[in-house]
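The values are calculated or read from the model by the stated rules, or taken from the named source; none is laboratory data. Just so it is clear, the structure is predicted and the values come from calculations on it, not from any experiment. Glycine gets a Cβ as well: all are built from the backbone with ideal geometry, and neighbour counts include every protein chain shown. Accessible surface areas use protein heavy atoms only, side chains included; no ligands, DNA or RNA. Shrake-Rupley method; radii C 1.70, N 1.55, O 1.52, S 1.80 Å.
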Amino acid sequence: MTLRGLLCRFAAAYLVLLVVVAVVLNLAGASSHTSGNVASLLAAVTWVCMDFAKKNGRYFTPDEKKRAIVGMLVIDMVMQAAVTAAAGLFSGAPVLALGPTMLVLLFVGVLHALVIWFFVGFAGKQQVAAEARRNNKNN
């Protein structure tokens with residue numbers, strides 16, 4: 001799998017998870033979708049990273065890891081900006097205030113960058129552990 005393939009899968013998985021989780025939380029009567037948003041993010045990150053390792057028989061090189069993290073963050077922030085804009089428009093607000101909106105997106109971006117970075121590393125550790133278990137079975 002290429003890095004481009006990983007990012008396309010991430011975008012698709014994240015979008016589907018965001019929609020499904022939002023619908024489920026809405027049907028359950030939840031007023032906030034923040035935890036669902038983060039759960040969707042970490043599930044999508046972990047899944048595509050583990051899939052990359054499985055399909056390639058290895059985990060990321062340091063350069064691939066940096067590019068994957070940045071790519072996932074860009075995709076995430078585009079989706080967050082779209083959701084924020086849609087929420088503002090559907091709430092009846094005549095105009096979104098650019099300053100506060102950018103501040104919220106910056107805050108979310110920092111938090112999501114940390115989540116992405118952590119779970120890319122977590123998936124790598126899981127890959128190493130799975131490989132060690134396979135090697136122990138074969139010995």
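Here are the numbers for this structure:
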| quantity | calculated |
| --- | --- |
| Among LEU15, LEU27, LEU41, residue whose mean-square fluctuation peaks in a GNM of the chain (springs only between Cα atoms under 10 Å) | LEU27 |
| Contact order relative to length of the stretch 1-136, as percent, for alpha carbon pairs under 8 angstrom and 6 or more apart | 32 |
| Option label - volume of the Cα convex hull per residue in Å³ computed here, alternatives [x] 106; [y] 94; [z] 117 | [z] |
| Exposure of PHE118 as accessible area (Å², to 10), given a probe of 1.4 Å and all protein chains | 110 |
| Nearest-ten-degree value, helix 98-138 long axis tilted from longest Cα axis of the chain | 20 |
| Carbon and sulfur %, accessible surface of the chain computed with the full protein complex present, 1.4 Å | 71 |
| For the chain, built as a Gaussian network whose Cα springs stay under 10 Å, the top-fluctuating residue of MET72, MET50, MET102 | MET102 |
| Residues of the stretch 14-73: accessible area per residue with a 1.4 Å probe, Å² | 57 |
| Heavy atoms of SER31 accessible to a 1.4 Å probe, total area in Å² rounded to 10 | 120 |
| Lys, Arg +1 and Asp, Glu -1 on Cβ, resulting dipole of the chain about Cα centre, debye, nearest 20 | 640 |
| Degrees, to the nearest 10: 34-56 long Cα axis against longest axis of the chain | 30 |
